[in-house]
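One structure below.
The values are calculated or read from the model by the stated rules, or taken from the named source; none is laboratory data. Just so it is clear, the structure is predicted and the values come from calculations on it, not from any experiment. Backbone-built Cβ (ideal geometry, glycine too); neighbour counts: all protein chains shown. Each accessible area value is taken on the protein alone, full model and side chains, heavy atoms only, with ligands, DNA and RNA left out. Shrake-Rupley method; radii C 1.70, N 1.55, O 1.52, S 1.80 Å.
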Amino acid sequence: MKITSIIEKTVPLGSAIANSYINFSMMTGSIIAIVTDVVRDGKQIIGYGFNSIGRYACTSILRDRMIGKILNADPIDVYDEDMSNIDPFKVHKLLKKNEKPGGHGDRAHAVGAIDMAVWDVVAKIEKKPLYQVIGERFNNKLWSDKIYTYAAGGYYYETDSIERLKDELKKYIDQGFHDVKMKIGGADLKTDVKRIEAALSVVDGDGSRLMVDANGRYDMKAALECAIAIKDFGLKWYEEPLDPADFSSYAVIAEYYPGPIATGENLFSYEDARNLFRHGGLRPDRDYIQVDPPLSYGIIEFIKILNMMHYFGWANKNCIPHGGNLFCNHIVAGLKLGGNECYPGIFQPFGGFADGNIIEKSIVQLPNIPGIGYEAKSNLWKVLRQVV
Ligand code: MG
């Protein structure tokens, strides 16, 4: 086989919403298409990827640096032994070559976007859904085609009210989600507590069906004040109260806050995640890790992180990646992780599930089609097909 071209396209992803840190009006994303000369069932194999949701496009890193590393490589460093498919381990190694350690920012997203497209090609050539390929290669063939998901929303809107928030969360419950997540930290604590109480009224007062996400807004004092204010709600988790790299403060919050804490979506490498496990004081019996594979060098890096989690005594069920995209659905199903985030109403066409997917009590079945299955999500497929 041969990769004949790799194309990047920058697309707008803007919407009039905000979390406690950023507004999303100028948001963009990078789409990658890996075009091959392989034909399956009369169709040329093209793999698609993008750099998760809620980060900016990494156009220059992809076009000026990463794509050339693959196209100019010796074929022996790109393809498997019989030259019938791409070897994702080899591509991962190629893309990290001549890159200094540390500083895992947009570069990690660029590699993650390519990794997503690589795995789409690999699974399409094998004529299997990606979750099966992942399960066969990394999880002793123990994949599932059903995953747990929850509805992430509850952002701050330019024109906002408690009623608007309740209506939004009710809509998610009506769509089949059992659990919902809302943003905090973008208003004063008193206002946020009122918002949380309103959200609780939507889930029958059951705190175990509600998550709150501060997006790293608080310093340790504010994170502790919030922890004290919300601890009796019995929430499913308290997400990113602190800067993602403020590990010793996480350890303090974990000492005082009895409920589950979730974090990790802004740690983009094995080394950064290791610091969280070493110094963050998180508790394997209740907390959640949210490392997002397309933001952190893709599946190969993620498997390394998962193995480290096991070393520190964590189970796969306590890993629920950030991102809410189709690629992560496959990773969650293939590795039987705890579940995957979903943005049902926002970040379209990149968020959500395949057309017609039915969500029942927060469980969703993935379609059994080769690759990542973009073809079954018509609004996303339309955008990807514009690339090539
Ligand atoms: Mg978050």
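Below is a table of values for the structure above.
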read-out	value
Over region 297-388: Kirkwood hydrodynamic radius from C-alpha pairwise inverse distances, Å	14.3 Å
Crossing angle, helix 247-256 versus the chain [Cα axis fit, 0-90 degrees, rounded to tens]	40 degrees
Angle between the chain longest axis and helix 299-311 axis [Cα atoms, degrees, rounded to 10]	50 degrees
Sequence ranges 6-19, 333-346, 88-101, 298-311, ranked by mean other-Cβ count within 10 angstrom, highest first	333-346, 298-311, 6-19, 88-101
Region 338-352 - phi-based ³J(HN,Hα) in whole Hz, Karplus 6.51/-1.76/1.60, Gly and Pro as x	x, x, 9, 5, 9, 9, x, x, 10, 6, 7, x, 7, x, x
Peptides ranked, highest mean first, by Cβ atoms within 10 Å: ranges 286-294, 353-361	286-294, 353-361
The chain, accessible surface, carbon-and-sulfur percent (1.4 angstrom probe)	51 percent
The chain: angle of helix 106-126 to the longest principal axis, Cα-based, in degrees nearest 10	60 degrees
Other-chain or far-sequence residues with amide H under 5 Å of residue 288's (modelled H)	261, 262, 263
1.4 Å probe accessible area per residue over the chain, in Å²	40 Å²
Beta bridges by DSSP in the chain, antiparallel share as percent, to the nearest 5	55 percent
Packing-based order for 166-172, 81-87, 371-377, using average beta carbon neighbours within 10 Å, highest first	371-377, 166-172, 81-87
Calculated [θ] (222 nm, deg cm²/dmol) that DSSP helices of n ≥ 4 give over the chain, each run adding -39,500 (n - 2.57)	-10500 deg cm²/dmol
Extended-chain gain in nm, criterion 0.36 nm per residue less alpha-carbon gap, residue 43 and residue 208	54.8 nm
Length gained when the stretch residue 15-residue 170 is fully extended (0.36 nm per residue, less Cα-Cα span)	53.7 nm
Bins of 5 Å, starting at 0 and running to the largest distance - Cα pair percent for region 217-293	3, 17, 31, 27, 15, 5, 1
Under the Karplus curve 6.51 cos²θ - 1.76 cosθ + 1.60, θ = phi - 60°, whole-Hz ³J(HN,Hα) for region 370-383, x wherever Gly or Pro sits	x, x, 7, x, 4, 4, 8, 10, 4, 5, 6, 4, 4, 5
Debye log10 I(q)/I(0) for the chain, one point scatterer per Cα, at q = 0.13, 0.15 Å⁻¹	-1.05, -1.39
Estimated vicinal HN-Hα couplings, Hz - region 327-333 in sequence order (Karplus 6.51, -1.76, 1.60; Gly, Pro = x)	4, 5, 4, 5, 5, 4, 5
Cross-link pairs beyond the 27 Å C-alpha cut-off, checked among 146/382; 69/100; 183/361; 317/361; 181/221; 124/181	124/181
